[in-house]
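K.L.:
Below: one structure in structure tokens.
The values are calculated or read from the model by the stated rules, or taken from the named source; none is laboratory data. Computed from a predicted structure; not experimentally measured. Backbone-built Cβ (ideal geometry, glycine too); neighbour counts: all protein chains shown. Remember, those area values only see protein heavy atoms, side chains included, never the ligands or the DNA or RNA. Shrake-Rupley method; radii C 1.70, N 1.55, O 1.52, S 1.80 Å.
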Amino acid sequence: MKRVENLLNSKIIEKGCIHISLIDPDKCDASQAKALAQEAKEAGSAALMVGGSTSMGGDILDELIKGLKEGSDLPVILFPGNLFGVSKYADAVWFMSVLNSTNPFYITGAQAVGSRMVKAFNLEAIPLGYIIISPGGTAGFISQANLIPYEKPEAAAIYALAAQFMGMRFVYLERGSGVDAPISPLMVKFVKKIVNEARIIVGGGIRNREQAKEIARAGADVIVTGSVLEEKGITGTLREIIGGIEEGVNERKV
Ligand code: 1GP
């Protein structure tokens, strides 16, 4: 059962780098979800991610996902910040481990407790190594991460390589939702040079075309944006960011 993972991989192969829109159930309600999903699809997002470090679950999450499903056929992938972030209405879940957490609960504990729910809901679990870079935002605080310094790409790279060796097929370089600026393109480049199998996802602080372009050009396979869509509205913003990604991929070749 790798439907969503295969879809992501085929789009990454086709486009060089794809965009995923992140929706935080704390900041978007079900009544907005349908239109949001429609716009994300029209602008060229490859999937929708739902979750957040302090997000609510239960009916609120279920209704939001149902709304997203009404608006488009894009896969909905859960991005759980805690045990409540699981819903049977989603297609898949990033089965994520915070590799640089100092608390084993965020590395394997929550995963063990949550695993039966994932199976009962018949969710596609996609293994993901989650690595948090300074300043880390709420994700870094909640998951008690030993933050990777911004200017130390080699530290991010060894965690990412370890993730690959442990069989994780995706690695997420997270700077924290809503932070001032994304990780450096140099860090992405460094990680890509060392990690040759796992897909590299980059998120946190990406707000404009130029930033998206530089991260895509450096070799990211997936770019995630959440806050900018809440701050500026999805329509024009998303087209700009996806335009930047395309430009960055084209410039890889020259
Ligand atoms: C957060 O990486 C994601 O987990 C997205 O970050 O909200 O800053 O786009 P932003």
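K.L.:
How much net charge surrounds residue 170 when only the other residues with a Cβ under 11 Å from the Cβ of residue 170 are counted, with Lys and Arg +1 and Asp and Glu -1?
P.N.:
Around residue 170, the surrounding residues sum to -1.
K.L.:
How big is the Kirkwood radius of segment 1-111, worked out from every pair of different alpha carbons and given in Å to one decimal?
P.N.:
Result for segment 1-111, one decimal place: 14.5 Å.
K.L.:
Average projected area of the Cα convex hull of segment 42-85, in nm²?
P.N.:
About 3.1 nm², averaged over all directions.
K.L.:
In whole Hz, what ³J(HN,Hα) sequence does segment 213-219 give by Karplus (6.51, -1.76, 1.60; θ = phi - 60°), x for Gly and Pro?
P.N.:
Taking θ as phi minus 60°, the curve returns 4, 5, 5, 5, 4, 6, x Hz for segment 213-219.
K.L.:
Across every pair of different alpha-carbon atoms, what Kirkwood hydrodynamic radius in Å does segment 3-252 reach?
P.N.:
By the Kirkwood definition, the hydrodynamic radius is 17.6 Å.
K.L.:
For 29, 62, 180, write out the residues from largest to smallest accessible area, computed with a 1.4 angstrom probe and no ligands counted.
P.N.:
Sorted by accessible area, descending: 180, 29, 62.
K.L.:
For segment 121-254, state what percent of all Cα-Cα pairs lands in each successive 5 Å bin, counting from 0 Å until the bin that includes the largest distance.
P.N.:
2, 11, 20, 23, 20, 15, 7, 2, 0, 0
K.L.:
Accessible area per residue of the chain at 1.4 Å probe, in Å²?
P.N.:
44 Å²
K.L.:
What are the ³J(HN,Hα) couplings of segment 173-178, residue after residue, when phi is run through the Karplus curve with 6.51, -1.76, 1.60 and θ = phi - 60°? Round to Hz, x for glycine and proline.
P.N.:
8, 10, 9, x, 5, x
K.L.:
Where the accessible area of segment 3-252 is counted over protein heavy atoms with a 1.4 Å probe, how much of it, in %, is carbon and sulfur?
P.N.:
Here carbon and sulfur together make up 54 percent of the probe-accessible area.
K.L.:
So what is the relative contact order for the chain, in percent, with contacts set as C-alpha pairs under 8 Å and at least six apart?
P.N.:
For the chain, the relative contact order is 18 percent.
K.L.:
To continue, here is another question. Could you sort out which of 152/192; 27/192; 27/66; 152/193 sit more than 22 Å apart by Cα distance in this structure?
P.N.:
27/192
K.L.:
With a 1.4 Å probe and all protein chains kept in place, how much accessible area does residue 124 have, in Å² rounded to the nearest 10?
P.N.:
Ignoring ligands and nucleic acids, residue 124 comes out at about 10 Å².
K.L.:
Where the centre of each part is set by its Cα atoms, how far does segment 1-58 sit from segment 74-137, in angstrom?
P.N.:
Measuring centre to centre over Cα atoms gives 15 Å.
K.L.:
Please state the relative contact order of segment 161-245 as a whole percent: Cα pairs under 8 Å, 6+ residues apart?
P.N.:
Once normalised by length, the contact order is 30 percent.
K.L.:
Taking the Cβ of residue 50 as the center, what net charge do the other residues with Cβ under 12 Å away carry, scoring Lys and Arg +1 and Asp and Glu -1?
P.N.:
Overall, the nearby charge balance is -2.
K.L.:
Calculate the spin-label point distance for residue 138 paired with residue 186, positioning each point 7 Å from the Cα along the beta-carbon direction, and give it in nanometres.
P.N.:
Reported label-point gap for residue 186 and residue 138 is 3.1 nm.
K.L.:
Hey, got the dipole for segment 1-127? About the Cα centre, +1 on K and R Cβ, -1 on D and E Cβ, debye to the nearest 20?
P.N.:
The dipole of segment 1-127 has a size of about 380 debye.
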